[in-house]
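Each remark here refers to the structure printed beneath this line.
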Ligand code: PGA
């Protein structure tokens, strides 16, 4: 069975020097080594260029089941040449780096990097076999004009121009709204982030078909211990890309474990929903199948009857349960035909399944 993939990463920006990076990585590695999850978790850290070589050595030496990937914050698209101050893909490869971030908002805005330049770097990084994290995101001005979706689509379409389907297994996307990044950033709400992740996934599937749907899309921009659990449980968010809140190893560890915990709670709920779904299916069959059910009315009343408690009514969650509409109509039918007693029995059966 394929395990669900989940990503947690941090960009250290221009903050930690070599020594501090190594201390940080050793602690993070030690803390995360005891994490047990049935998810396929990828953890990555993107330090400064001067720390890269030692960082790669450091994580190799750690005897930890959680393998931390080390990434570079930028890369020149060319293998070599007259690019004073730049770092080439070959130089990164030589020291064992296998992840490169392209197009972080601070590079796009402080260094005026364009989508076309990001595209060249993405093409180069992928052809050299790097895991490639392309960052995209709209500014607050673009958001206020109501053109966020168009901006995201443009950044994806240009940034991923000429990328082949065969290269997609190495590609990751980070959605980082510019207005949400850094100390003055306002974190995006989980609903907003989810809606933009949907747009991104939609665009990726338009560009690459089914294969595009498997490209992980991470959210970044003022992720913290408080908002991480809600963000990570959004259906279209595959991981979290964290800045400030991850720069102390124990903070990052806490953020990861609380996110994993909220994912596993969600999974248990799904399992319960599966039980309900099974019962609903059986009952539907007993009544002669879906074709026999034509009363989908009075849902709210049915809910009150079935759940006995108004406060438990969360329409959105309940509608996620497969066949649940069938259960409503079923109880409705049964109640009309056979009376309320049977509805009680359905309720008890559902509760038993939920608690077992
Ligand atoms: P932040 O940084 O979490 O500190 O907002 C995010 C980023 O720049 O990737």
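One table, with the values for the structure above:
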quantity	calculated
Unique residue being more than 30 Å from residue 163 (Cα to Cα) and within 14 Å of the ligand (Cβ to nearest atom) when the list is 226, 243, 221	226
Residue 207 over 17 Å from residue 143 (Cβ atoms), in a helix (DSSP H, G or I) and within 15 Å of the ligand (Cβ to nearest atom)	no
All positions within the stretch 168-192 that are in contact with a helix residue (DSSP H, G or I) (Cβ under 6 Å, 6 or more places away or on another chain), within 13 Å of the ligand (Cβ to nearest atom) and assigned to a helix (DSSP H, G or I)	178, 179
All positions within the stretch 13-45 that are within 16 Å of the ligand (Cβ to nearest atom) and over 16 Å from residue 256 (Cβ atoms)	13, 14, 15, 16
Residue match in the stretch 61-74 (condition: assigned to a loop (DSSP other than H, G, I, E, B), closer than 12 Å to residue 92 by Cα and within 27 Å of the chain's Cα centre (by Cα))	yes
Close pairs from the stretch 106-134: first within 16 Å of residue 172 (Cβ to Cβ), partner assigned to a helix (DSSP H, G or I) and within 16 Å of the ligand (Cβ to nearest atom), Cβ under 9 Å, at least 6 apart	118/107; 118/108; 118/155; 134/118; 134/155
Residue within the stretch 255-268 that is in a helix (DSSP H, G or I) and in contact with a strand residue (DSSP E or B) (Cβ under 6 Å, 6 or more places away or on another chain) present	yes
Within the stretch 3-12, tally of residues that are more than 16 Å from the ligand (Cβ to nearest atom) and either crowded, with 21+ Cβ neighbours inside 10 Å or farther than 19 Å from residue 232 by Cβ (or both)	1
Residue within the stretch 142-165 that is in a loop (DSSP other than H, G, I, E, B), modelled with pLDDT of 95 or more and within 16 Å of the ligand (Cβ to nearest atom) present	no
Which numbered condition residue 212 misses (of (1) within 15 Å of the ligand (Cβ to nearest atom); (2) surrounded by 15 or more Cβ atoms within 10 Å (Cβ to Cβ); (3) more than 14 Å from the chain's Cα centre (by Cα))	(1)
Cβ-Cβ under 7 Å pairs, at least 6 apart or on other chains, the stretch 160-182 side on the phi > 0 side of the Ramachandran plot, far side more than 10 Å from the ligand (Cβ to nearest atom) and not in a loop (DSSP other than H, G, I, E, B)	162/123
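A quick yes/no check of all residues on (1) touching a strand residue (DSSP E or B) at 6+ places or on another chain (Cβ under 7 Å); (2) within 16 Å of the ligand (Cβ to nearest atom); (3) modelled with pLDDT of 95 or more:
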| residue | (1), (2), (3) |
| --- | --- |
| 62 | no, no, no |
| 73 | yes, yes, yes |
| 93 | no, no, yes |
| 115 | no, no, yes |
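The values are calculated or read from the model by the stated rules, or taken from the named source; none is laboratory data. Quick caveat, the model's predicted, so the values are computed rather than measured. All Cβ positions, even for glycine, are placed from backbone atoms using ideal geometry, and neighbour counts span all protein chains on display.
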